[in-house]
1. Under DSSP H, which helices of the chain have Cα atoms covering 18 Å or more of the helix axis and a Kyte-Doolittle average no less than 1.0?
2. Give the distance, in whole Å, between the Cα centre of segment 129-148 and the Cα centre of segment 94-116.
3. What full-extension length gain, to one decimal in nm, is calculated for Leu33 and Ala62 as 0.36 nm per residue of separation minus the Cα-Cα distance?
4. For the chain, go through all pairs of different Cα atoms, get the mean of 1/r, take its inverse, and jot down that Kirkwood value in Å.
Amino acid sequence: MRAFGNILGILLTPVFTAGVVIGAKALDEGRKLEIAHLFAGFTNRFGALIAVGAIYLALLLAIVVVSARVTGVSVSVMLGASPDLASATIGEIISILLAWLIVLGLMVPVFMAVWFAPPLAVFNELGAFDALKASFLGCLKNIVPFLIYGLILLGFAVLASIPLCLGWLVLAPVIGASIYTSYRDIYFT
C-alpha cells in the first residue's frame, strides 16, 4: 500500500505543482490566492501534467534499476528498505553509497527536465515531452544558479523534514513560488 501511495504522489506532483504556480501567478497579477488554486492542475491541462508525472515516475524507476544493476545493491534497498548495516561488510556499505551517488548524479538531469514542466504545460500549453525538453533547456542555460539553488534547497528540505515533516508546510509553497518566479524570469525576460 505504501508503494501505491508513493507512485500516486509522484504522478500527482506536477498536478499540484501546477496548482501552486497558478496561485503564484494570481498573486503576481494582484489577484487573491484561493484554496482552489492548489487543485487547478486537475482542471487545467491535467492530461499533460499527469503525463509529466508518468514520465517522471518511469525515469525514477529506470535510474533505480540501473543503479542497482551497476552496483549490485538490491532494488528494495534503493527504494528505501533499510539494509542491515550492523552486519554489512565495508564493501556492501560502499556499494550502497555508490548506488546512491549514481542515483543523485542521474537525478540532476531528471530534475532539470521536471522542474519547469508544470508551468510550461499550463501557461505555455506545451505537451508533456515539449514541456520536459523546454524545462531541461531552461535549466541548462542557467545551470550554475540551478545547481546552487538545488544544494540550498536540499539543505532546507533536510531541515523541513526534521520536525515530523512539518517544515514542508512552509517550504512547499516557497518552492512553488520560486518555481513560478524563476520560470517567469527564464522564459519571459
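Only the coordinates and a few stated rules stand behind these numbers; no lab work does. Only a predicted model underlies this, so the values are computations on that prediction, with no experimental measurement involved.
1. Within the chain the helices that satisfy the rule are 2-28, 46-71, 90-115, 143-161.
2. First find each Cα centre; the distance between them is then 16 Å.
3. Values: separation 29, 0.36 × 29 = 10.44 nm, distance 3.76 nm.
My answer for the length gained is 6.7 nm.
4. That comes to 17.8 Å for the chain.
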